[in-house]
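Please treat every number below as a calculation from the coordinates, not as lab data. As the structure is a computational prediction, the values presented were derived from the model and not from experiment. Counting neighbours? That spans all protein chains shown, and the Cβs are built from the backbone with ideal geometry, glycine included.
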């Protein structure tokens, strides 16, 4: 790893760029600090990322050798998608092996650690390249100790009505707006994509359950050392059949004074491909917000101070604005789509909302 | 391991027998299938377990060699306590090493795996003994798939107002009462002590967070293969600053049709030794019960059908009975102390309560 250099990344998204499963690729292109020199997806070779993410002029190539022939060739291969079943498909193996042989670092957020594969590890050693497995948990194994926030520190957690609807993006946009407003803000990455973007953090879903809350508590402590406004990336949703416990580890581990509810209007069922028949509908916002405050309050008082919408299912701007207005009226909370329309107004409302909370003012 | 033989156990509880931290020792003595031939605690050598657990005539010895000289010597050493800080103290190491040399198996529920210690592993191989680390997680790494219970299966989860107040004991007493009543019941162990008693299960707090709910779902499937009434051992509490996410993994992973709330009247603050000043009070029962139903209901409907009290802080039986009556009136639910006064009446009330639930009757 060369932590202080910007890498030149080739993002592997074979067969999936533009799909839901390529959210890591999207996140790194949108918010990462490294240069993305190309995306690898042979099914879209010759196209440009700008078609999918307006303003991002990045070629989509069909092979590793095509990427290596670019005027500004990559020095790292970032795995931007998750393989079905969690195991590396055979054709991915050969691309990863070839990339290492060509001197590229490999950056992965998969549950299966690339660096633990004897063949890849030997190749990386032989070619002097690094394999970074972002999901590898820290050696630290500590349960939560009930740590209190430092004086003057304000911790804000993004929560949501589903997985993969933008909790990380909202947190990053709010951090950007906070910094723009002159507020000393930090971002706490709790998932592999956030870590790829920010350079530190822990993929909390990979931590042993007993230590999940203790790890989040420790991450927030680090976030407080970096800023006065600590914006923590949430995970999953409290009503998700598979991931709700990770969500609660974030809520009770971070003990945020305030939460921002992220919601994707128009989505009817959970991101849960095992049961296509929409057995798990998306919650109704007002009672779901109240339940979050009740559950957080079991450990420390917390209030949902804003709603951040992902209005991507409404392509028309006017329609999206009407949806924002309607949900603002329904919840009685400051509401906006900070990714689409900018986060400055929402940040300003959040800042005001947090500073008025009795457990923040101390009254 | 000799799974079909009963072991003759020496339980190591050095310096802690009779204390809160020896709950594994107590659980195995009370509910285990193996013979316990002695307890090792040099601070209580010469005493008898019957002083602490009436009716259990088991000698407390001061050394391993004393145990080996018994007419019925042990063939296994079970670690009945957790060392402070999770690391093995040096004097425990020598006892474990001597036990292996003497041909004893070692049974441990520590986070630190005894079998991964090169010295112990080599000694066990040399002496033909086994090291069983109950907390070692399964290789299976699967997220929950939203599995439905089999037809006619009823799943009951014990939940509680704190850690270490008797959720496992209540589940075991209810299973015993169910079997006595002719109901085909199984017990699903979700912690290391339950596994030591039952011989199967998973210590859910040791599972990677992303797979905690999927693992519980899989355990319940196995429980359903063993019985029609599946009684799942709960973990932690939903308001515990360090362990609430494990509790939620049990609730959303098991999707129980009914829950039994375990509570220890007289306890004022959480079992949370980091903050002695009782910063985390025990919840008030009626709203806490309602919150459990709300939170469980985010994934599948569930009702708290009974309250199981641990009245050990009330030594006088009449007083304990008054407390039971008062909490029954407060909650409007069948209430008893099944460990102290027997579980038959409570089981009968639970059975009736579960069978009347609309999501069980299908009406």
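Over segment B:66-127, consider all pairs of different Cα atoms and compute the Kirkwood hydrodynamic radius from their mean reciprocal separation; express it in Å, one decimal. The partial results should precede the final answer.
Details: mean 1/r = 0.0819 Å⁻¹.
For segment B:66-127, the Kirkwood estimate is 12.2 Å.
Taking each pair of distinct Cα atoms in the protein assembly as shown once, what is the resulting Kirkwood hydrodynamic radius in Å?
Computed over the protein assembly as shown, the radius equals 27.5 Å.
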**OP:** Tell me the distances, shortest first, between residue B:70 and the same position across the other copies, using label points 7 Å along Cα→Cβ, in nm to one decimal.
**Re:** 7.0
Original post:
At residue A:328, with labels set 7 Å past Cα in the Cβ direction, how many nm apart are the copies from this one, shortest first?
Top reply: 5.6
Original post:
What are the nm distances, shortest first, from residue B:284 to its equivalents in the other copies, labels at 7 Å along Cα→Cβ?
Top reply: 2.6
Original post:
If segment B:1-137 were replaced by its equivalent ellipsoid, with semi-axes equal to the square roots of 5 times the Cα gyration tensor eigenvalues, what would those be, largest first, whole Å?
Top reply: 22, 16, 15
**OP:** Could you run the Debye sum over the Cα atoms of segment B:197-345, one equal point scatterer each and no solvent, and tell me log10 of I(q)/I(0) at q = 0.09, 0.15, 0.21, 0.22 Å⁻¹, two decimals?
**Re:** -0.32, -0.89, -1.44, -1.48
Subject >> Inverse of mean 1/r across different Cα pairs in chain A, Kirkwood, Å >> reply: 21.2 Å
**OP:** Provide the gained length on full extension for the span residue B:94 to residue B:141, in nm with one decimal, where the gain is 0.36 nm per separating residue minus the Cα-Cα distance.
**Re:** 13.4 nm
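Please arrange B:247, B:268, B:190 by how many other C-beta atoms lie within 10 Å of their C-beta, fewest to most. Before the final figure, lay out each step's value.
Values: B:247 27, B:268 7, B:190 31.
Ranked by crowding around the Cβ, least crowded first: B:268, B:247, B:190.
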**OP:** Based on a Kirkwood Rh over C-alpha pairs, give the Stokes-Einstein translational diffusion coefficient of segment B:315-363 at 4 °C and viscosity 1.567 mPa s in µm²/s.
**Re:** 107 µm²/s
Original post:
Which order results if A:290, A:233 are arranged by neighbouring Cβ count within 10 Å, fewest first?
Top reply: A:290, A:233
Original post:
Which order do B:360, A:188 fall in if you start with the one that has the fewest other Cβ atoms within 10 Å?
Top reply: B:360, A:188
**OP:** Only helical DSSP H runs with n ≥ 4 go in: add -39500 (n - 2.57) per run for chain A, normalise by residue count and round the 222 nm mean residue ellipticity to 500 deg cm²/dmol.
**Re:** -10500 deg cm²/dmol
**OP:** Could you tell me what % of all Cα pairs in segment A:1-75 have separations over 17 Å?
**Re:** 38 percent
